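The values are calculated or read from the model by the stated rules, or taken from the named source; none is laboratory data. Computed from a prediction, not measured in an experiment: that's the story for all the values here. Here the Cβ is made from the backbone with ideal geometry for all residues, glycine too, and neighbour counts use every protein chain on show. Only protein heavy atoms, including side chains, enter the accessible area calculation; ligands, DNA and RNA are left aside. Shrake-Rupley method; radii C 1.70, N 1.55, O 1.52, S 1.80 Å.
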Amino acid sequence: MATTTDKDKQTKQSFAHYWKQNLRAWRMWYRQSPGFFAATLLSSTCGALAPYLTIWLSAQIISELAGGRDPRRLASWAALTVGVTALLALAGGALNRWREYERSRLMAVRFKPLADKMMTLDYAEVDRQEVQDLYSQILQNDNWGGYGMYQTLQLFPDFCKGAVQVAGGVGFTLSLFLTDLPADSPLAFLNSPLALFVVLAFMVLVVVLSSLCDNKATLMLTKKTEAFTFGNRIFSFYGFQMVRDRKRAGDLRIYRQLKNVGMPLMSVPSSLPFVPGSSIAKLSKGRVGLLFGLCQSLTAVMTCAVYLFVCLKSWGGAFDVGLVTRYVGSATQLFGGISLLLLTLSQVRVNGTFLDTTFRFLDLPNHMYQGSLTTEKRSDRNYQVEFKDVSFRYPGTDRWALRHVNVKFRIGSRLAVVGPNGSGKTTFIKLLCRLYDPTEGEILLNGIDIRKYRYEDYMDIFSVVFQDFRLLALPLGENVAGAAEYDRDLAERCLRGAGFGERLDTMPKGLDTVLYKELDQDGVAVSGGEAQKIAIARALYKDAPFIVLDEPTAALDPIAEADIYAKFDAIAGDKTAIYISHRLSSCKFCDAIAVFDQGAIVQTGTHDTLVADENGLYHKLWQAQAQYYTNT
């Protein structure tokens, strides 16, 4: 979330800066959908000019009624008015439909730039809390007021319409100020340049003041961004998320956590922003309300001034009654266009502060060195990985997560990594997969520092099942393969090898069974243990030389876990497998065990050797869990 210093810097930025930010956003949208901008420009032009044509045609009819009243001319003007009005309505409707179609296409990918950036950021950057806070702030800004990238899609049509409306208004009302009153008219003083300047300046001033009032009120509200976003989070959570979350349903009922629908029984901050008496409510009833009211009042004053000036010139004999209709309508449209244009430009400034947040995220650099070497494609899977005096601490902390780690993986071997919580096991895996780079020391692949390899190539040699893995609401087979087109026989073999065979046989659609119900009402919910088996099958399907299981069987009981590991060991074949687990059932069939404690490897060896060392940490861990393995 932006700090006070950040906000102070933002308010000092020039309008040119904010305009450039909006232009950048429009360019990004244009690359996504050029059709939206073409449709918007045409529909805005049609919408802005249509009233002028209607006003001009109506003025011709009124002039004829006030003058010669020729039935044939009246009929011609009436027919032309009906025809043009119908044509403009059809054209406007078609163009608006096109614009809304293009807009709906953009809405489907409105968060794509953010998602693309998140996917291309270094994992170390994504894992930083500051980055997560920045991303969350962007989504919250969009949620409470549509500010940021989405707002620019609203501003472009208004900007186009305002600009065209002003241009058309100038053309249609120019003669209002250039047509002189008769010299003998008591209002002839209106012909003087000074009088015209005063009248025009007054009208423009009123419009500008009206726009400034609106802009000032909007800016005052946007300064409450944190309160708005916090309020949205409160009401969204208690009003929608909490009551519909099936995982919370039991607690809500057993402990009576809701006294009314959407109202928490337990305490929440008393200064909710959207309730009577809040700072936002007071602001809306006070200065903001007065400014918005003044804005509307000034608009009415401007309209009265237009009517008065036009009627005085007509009364003085400058033009007939038909032109009164034309000038009143055109002048109203002109100053309405000026007002719209000024309001849009003020919104450009307001939205620019939110775009600063968006582009601060999109411009985050990647710091991880990208090598150029390709990993050798070896049919014998002869990839040797070695940690040489590796130490690591997470950014922003002084505590070492790993310290002086030295270990070498034998090809095709099974390595178990065990230790208490917080001992560095998962950090060890993150470094192995190069999600982070070591703070000290180096990791070698076939004798070469892994930072010198192309990142994608290096990642290809690993299949990992993380603790917090996720499955998608897509068909089972696609979840296993990670693709829409896949080898069905291989996917099924991997599922059965991971122990999912019996469950697969109960699924009527087999591999085509959709998981979960978010995207398919016939979707099938799977238990935590079943989901873990699918995740293991996904790792097997990739068929990478290294396969890592980072406590993927935590949802299973110890005996079931041991059975999974035994089957997995059989189907892992010549892969180098690394097992991480609090429970030690996987260790008995491993070739080597590394025992971590407080970020260091304190023991290495086979299961029999380590369990025989009664003074070692492994022996203590094994004895604490031995009751679970009597059947293994």
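Observations on the structure shown:
- The stretch 385-508 shape via C-alpha gyration tensor axes, a/c threshold 1.5: prolate
- Per-peptide packing, taken as the mean over residues of other Cβ atoms within 10 Å, places 324-337, 387-400, 20-33 in the sequence 324-337, 20-33, 387-400 from highest down.
- For the chain, the 222 nm mean residue ellipticity estimated from helices alone, with every DSSP H stretch of n ≥ 4 adding -39500 (n - 2.57) and the total spread over all residues, rounds to -19000 deg cm²/dmol.
- Rounded percent of accessible protein surface that carbon and sulfur make up, the chain, 1.4 Å probe: 57
- Cα centroid of the stretch 317-362 to Cα centroid of the stretch 370-446, whole Å: 60
- Ignoring aspartates and glutamates fewer than eight residues from residue 20 along the same chain, the ones with Cα atoms less than 20 angstrom from its Cα are 6, 8, 142, 158, 356, 363.
- Working value for the chain: equivalent-ellipsoid semi-axes of 70, 27, 24 Å, each the square root of 5 times a Cα gyration tensor eigenvalue, largest first.
- Remark: for residue pairs 247/509; 161/313; 216/285; 112/247, the C-alpha separation exceeds 21 Å in 247/509; 161/313; 112/247.
- As a rough guide to protection, the peptides 345-353, 215-223 ranked by mean Cβ packing within 10 Å, highest first, stand as 345-353, 215-223.
- Normalised alpha carbon radius of gyration of the stretch 103-252 [divisor 2.2 N^0.38 Å]: 1.77
- When the P(r) is computed for the stretch 41-165, the part past 23 Å accounts for 57% of the Cα-Cα pairs.
- The stretch 462-527: translational diffusion in µm²/s, Stokes-Einstein, Kirkwood Rh over Cα pairs, 37 °C, 0.692 mPa s: 265
- Mean accessible surface per residue for the chain, computed with a 1.4 Å probe while every protein chain stays in place, in Å²: 51
- Within the assembled protein chains, the solvent-accessible surface assigned to residue 517 is about 120 Å², based on a 1.4 Å probe.
- Whole-angstrom Cα spans of the stretch 457-599 along principal axes, big to small: 47, 35, 27
- When only alpha carbons of the stretch 91-184 are considered, Rg and Dmax amount to 22.8, 83 Å.
- All distinct Cα pairs of the stretch 152-198 go into the 1/r average, and the inverse of that average, the Kirkwood radius, is 13.1 Å.
- Rh by Kirkwood over Cα pairs, then Stokes-Einstein D for the stretch 344-451 at 1.002 mPa s and 20 °C, µm²/s: 125
- Only protein heavy atoms count here; under a 1.4 Å probe, residue 487 has an accessible surface of about 70 Å².
- Subtracting the Cα-Cα distance of residue 449 and residue 597 from 0.36 nm times their residue separation leaves 50.7 nm of extension gain.
- Taking the longest Cα principal axis of the chain as reference, the axis of helix 15-32 is set at about 70 degrees.
- Isolated Cys in the chain, by beta carbon distance under 4.7 Å: 46, 160, 304, 311, 433, 494, 587, 590
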